[in-house]
1. For GLU46, which of the numbered conditions (1) assigned to a helix (DSSP H, G or I); (2) in contact with a His (Cβ under 6 Å, 6 or more places away or on another chain) fails to hold?
2. Which residue out of SER87, SER60, SER43 is modelled with pLDDT under 95, within 25 Å of the chain's Cα centre (by Cα) and among the hydroxyl-bearing types (Ser, Thr, Tyr)?
3. Which pairs turn up if I take residues in the range 52-65 that are under 19 Å from LEU18 (Cβ atoms) and look for partners that are surrounded by 10 or more Cβ atoms within 10 Å (Cβ to Cβ) with beta carbon separation below 6 Å, at least 6 apart in sequence or on another chain?
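The values are calculated or read from the model by the stated rules, or taken from the named source; none is laboratory data. It should be emphasised that the depicted structure is a prediction, and the values quoted were computed from it without experimental measurement. Here Cβ is always computed from backbone atoms with ideal geometry, including for glycine, and neighbour counts include all displayed protein chains.
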Amino acid sequence: MIVVTRLNGTRFAVNPDLIERIHESPDTHLVTLDGAAYVVLESLAEVVELIADYRAYVLSKARDFPAVTGYPLSLVPDAETDDDAGSPDPEAPRK
């Protein structure tokens, strides 16, 4: 989320992934994917910089997660494992 300021001075957070476009004429308007429009004090360049900083922050946090080895994400067990000896056979596809 990025924090921006309304014209009356109140601050609010908006999800930058939902911003469709930003207008500056002369006030800065944020238009979201659902059509909501917000007028903010920050300039277009400042909003773009806030979004870039937010995305850089998300990437840096993702790098901090520990690497997990040995168990890849999967819903289907590997064919090499013998752990499924007692499991039932899968159902036939529906027609």
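1. Every listed condition holds for GLU46 apart from (2).
2. Numbers: SER87 fails: within 25 Å of the chain's Cα centre (by Cα); SER43 fails: modelled with pLDDT under 95.
Result of the check over SER87, SER60, SER43: SER60.
3. The qualifying pairs are TYR54/ILE2; TYR54/PRO16.
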